[in-house]
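Participant: Take this structure, written in structure tokens, and hold onto it; I'll ask about it next.
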Amino acid sequence: MSYTSFDNVGLVKVLSFFQTHDSEYLSGQDLSDVLKISRVAVWKHIKKIQTLGYKIESKQKLGYRLVDDTEKLLPWEITRDLKTENIGKRVYYFEELDSTQNFAQQIAADKKENGTIVIAEKQTAGRGRLDRKWTSPKGGIWFSLIIHPKFDVSSSTLIPILSAVALSKSIKKSLGVETEVKWPNDIMLNGKKVAGILVDASVQANNIDYLILGIGINFDIDTKRLEKRLSKTPNFYGVNSLRENNNNKTPPKILLKEFLFQFEKNLASLNKGEKAKIVKEWTKNAAGIGRKITINTSNGKISGVSQGIDTDGALKIKTKKKIERVLVGDVDLS
Ligand code: BT5
């Protein structure tokens, strides 16, 4: 099952009417008259809306009333009142996909997909970095964002950094939960991983055709079960979930929309060349700076004291001999 922000016009028309009249009962006939569609079509849309997780109550003689919204990240829920100019204005939603990165890859080259997001409720082959697996059961926010950037390759290494800053900030703003950023691309909550970021790029010479940013957020998942499953996988350091750590029922769409807004702001900042500003924001929330850490790289382990990152997003580490710069690797904070 899939939906987009540009199809499903009839269904969205009926739903929007319910959403703007949620204090009253609406009869099938009223809806049919106002929306100029047949009563059968109204009834079919109502059934569909209910299967999407919205709660519609029906009372004899009075009609129907919307009593609760869905938690699903449906395209029209994302685009409604979205504060961005471009990011997230086009949305593809799938109940299940192998990986949102794979679907995004198929459409990314098309100019109209600049800013598009692809969301899956569940992924069967979610990817991490370096061909690792990303486990993506229902309850998470799993999405990819397509960008056709104006900057060149030298700036693209800051994309995971500015995304992590935007994500950490939006978690704080929407849920009131404090997280830390962990180099190169993780969000950590109480020492465990709560979100991961991945960037796939299509590059020619020094120009970027497009970037696909993949983000996985453990919003409301069973952490114990996932930890059991993942404990022997590479770079595992525990799993956390946002809802376990916040006692309000803020729906996931609020966080996703806030992220899209914060991300667009940070991207504009990078376009203006404000690299130092992004690095400064990242550093404020970063785990492990000034502490002894170990970085696992493809050339082996490096141990030393973390000095934070430079304006290329590289991690600086002070070993016994010198300060080393690392662009790709995993940090062990334990
Ligand atoms: C990442 O990789 O952290 C990047 C994750 C990106 C996932 C998103 S979901 C939407 C989009 N579509 C995709 O197919 N992918 C992106 P990395 O730093 O390599 O971390 C991978 C490691 O994290 C694994 O080896 C596990 O140890 C651990 N892990 C896997 N699933 C996890 C989860 N749900 N929560 C916490 N840790 C997990």
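The values are calculated or read from the model by the stated rules, or taken from the named source; none is laboratory data. Model, not experiment: these values are computed from the prediction. Cβ atoms come from the backbone with ideal geometry, glycine included; neighbour counts cover every protein chain shown. For accessibility, only protein heavy atoms count, side chains too; no ligands or nucleic acids. Shrake-Rupley method; radii C 1.70, N 1.55, O 1.52, S 1.80 Å.
Participant: Per DSSP H run of n ≥ 4, the term is -39500 (n - 2.57); total these for the chain, divide by its residue number, and report the mean residue ellipticity at 222 nm rounded to 500 deg cm²/dmol.
Facilitator: About -9500 deg cm²/dmol.
Participant: In debye, nearest 20, what is the charge dipole magnitude of the range 2-68 about its Cα centre with +1 on Lys and Arg Cβ and -1 on Asp and Glu Cβ, if you could check?
Facilitator: Roughly 260 debye, rounded to the nearest 20.
Participant: How big is the gap, in Å, between the Cα center of the range 12-73 and the Cα center of the range 129-174?
Facilitator: Measuring centre to centre over Cα atoms gives 36 Å.
Participant: Related question: Using the Cα atoms as the points, what is the convex hull volume per residue of the range 178-252 in Å³?
Facilitator: Expressed per residue, the convex hull around the Cα atoms of the range 178-252 is 124 Å³.
Participant: Could I get the Rg over Rh figure for the range 1-125? Both from C-alpha atoms, Rh via Kirkwood, rounded to two places.
Facilitator: Rg/Rh for the range 1-125 comes to 1.03.
Participant: Could you pull out every one of the lysines with an alpha carbon less than 18 Å from that of LYS150, ignoring same-chain neighbours closer than 8 positions?
Facilitator: LYS111, LYS112, LYS265, LYS272, LYS275
Participant: Let me ask something else. Taking the Cα centre of the chain as origin and charging only Cβ (+1 Lys, Arg; -1 Asp, Glu), how large is the dipole, in debye to the nearest 20?
Facilitator: Approximately 860 debye in magnitude.
Participant: Along each of the three principal axes of the Cα atoms of the range 62-177, give the extent in whole Å, ordering the values from largest to smallest.
Facilitator: Principal-axis extents of the Cα atoms in the range 62-177, largest first: 62, 35, 32 Å.
Participant: Suppose the chain between ASP81 and ASN245 were pulled fully straight at 0.36 nm per residue; how much longer would it get relative to their current alpha carbon spacing?
Facilitator: 56.3 nm
Participant: Taking all pairs of distinct Cα atoms, average 1/r, flip it, and tell me the Kirkwood hydrodynamic radius of the range 199-300 in Å to one decimal place.
Facilitator: Kirkwood hydrodynamic radius for the range 199-300: 17.6 Å.
Participant: Provide the FRET efficiency to the nearest 0.05 for the GLU227-SER2 pair, computing r from the beta carbons and using R0 = 41 Å.
Facilitator: Once the sixth-power term is evaluated, E becomes 0.85.
Participant: What angle, in degrees between 0 and 90 and rounded to the nearest 10, separates the Cα long axis of helix 275-284 from the longest principal axis of the Cα atoms of the chain?
Facilitator: 90
Participant: From largest accessible area down, sort TYR64, TYR3; use a 1.4 Å probe on the protein chains.
Facilitator: Result, largest first: TYR64, TYR3.
Participant: Quick one: length gained pulling TYR25 to VAL328 fully straight, 0.36 nm per residue minus the C-alpha distance?
Facilitator: Between TYR25 and VAL328, full extension yields 103.3 nm more.
Participant: So, one more: Compute the length gained on full extension between ALA109 and GLU274: take 0.36 nm times their separation in residues and subtract their Cα-Cα distance, giving the result in nm to one decimal.
Facilitator: 56.7 nm
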